[in-house]
Amino acid sequence: MKIYGFHNCAISFLSIFILIYLVKMGHVIVKVKVGPPSRERLIEVEGLVDTGATLTVIPRKVSNEVGLEMVGKTIVETGAGKLELDRSRAWIEIEGRGDIIPVLVSDIIDKLLIGVTTLEILGLQVDPITGKLKEWTLLLH
């Protein structure tokens, strides 16, 4: 007697289990040191890792506090529609890994959002099992 689809069924149950686990996991919040590229005024704030965002978004209040210099404007697509945000560069440090990162500055968003570009530049990724950041090897291809 052959049982068809058992293997697929097991994969489906595993996928459902992982999905439920990830939904329960919640948000990934990290401590972030942020400041101008010169690093002369660094402050530590909480940041929310947003793997759906390309770039990191810094609240205007934080940008003003550390003295970020605006270098242009960019139109971005959000769930609420299109927004025009200022562009800048900032020193971003997470878990001891830091670099000068292209960022957006927002008058609307009140929490620092960490986008995937920042994670990739710093060699970090979200571990879906623990819900924390972990080291990641950069890919060259």
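For this structure, a couple of remarks:
- Residue in region 70-91 that is in a loop (DSSP other than H, G, I, E, B) and under 20 Å from Glu44 (Cβ atoms) present: no
- No other residue among Val71, Val45 is touching a Ser or Thr at 6+ places or on another chain (Cβ under 7 Å), open to solvent by 20 Å² or more (accessible area, probe 1.4 Å) and either closer than 27 Å to Leu138 by Cβ or aliphatic (A, V, I, L, M) (or both) apart from Val71.
- Of all the numbered requirements in (1) without any contact (Cβ under 8 Å) to a residue 40 or more places away in the chain; (2) surrounded by fewer than 14 Cβ atoms within 10 Å (Cβ to Cβ); (3) of a type outside the set (Asp, Glu), Lys61 misses one, and that requirement is (1).
- Hits in region 22-37 (condition: open to solvent by 70 Å² or more (accessible area, probe 1.4 Å) and either part of a strand (DSSP E or B) or without any contact (Cβ under 8 Å) to a residue 12 or more places away in the chain (or both)): Val23, Lys24, Ile29, Lys31, Lys33
- Checked across region 83-97, the condition of being farther than 23 Å from Val30 by Cβ and of a type in the set (Ser, Thr, Tyr) holds for no residue.
- Flag for Tyr21 being farther than 21 Å from Pro128 by Cα and either in contact with a Ser or Thr (Cβ under 7 Å, 6 or more places away or on another chain) or at pLDDT below 95 (or both): no
The values are calculated or read from the model by the stated rules, or taken from the named source; none is laboratory data. Just so it is clear, the model here is predicted, and its values are computed rather than measured. When we count neighbours, we look across all protein chains shown, and the Cβ atoms used for this are built from the backbone with ideal geometry, even at glycine. Ligands, DNA and RNA are excluded from the accessible area calculation, which covers all protein heavy atoms including side chains. Shrake-Rupley method; radii C 1.70, N 1.55, O 1.52, S 1.80 Å.
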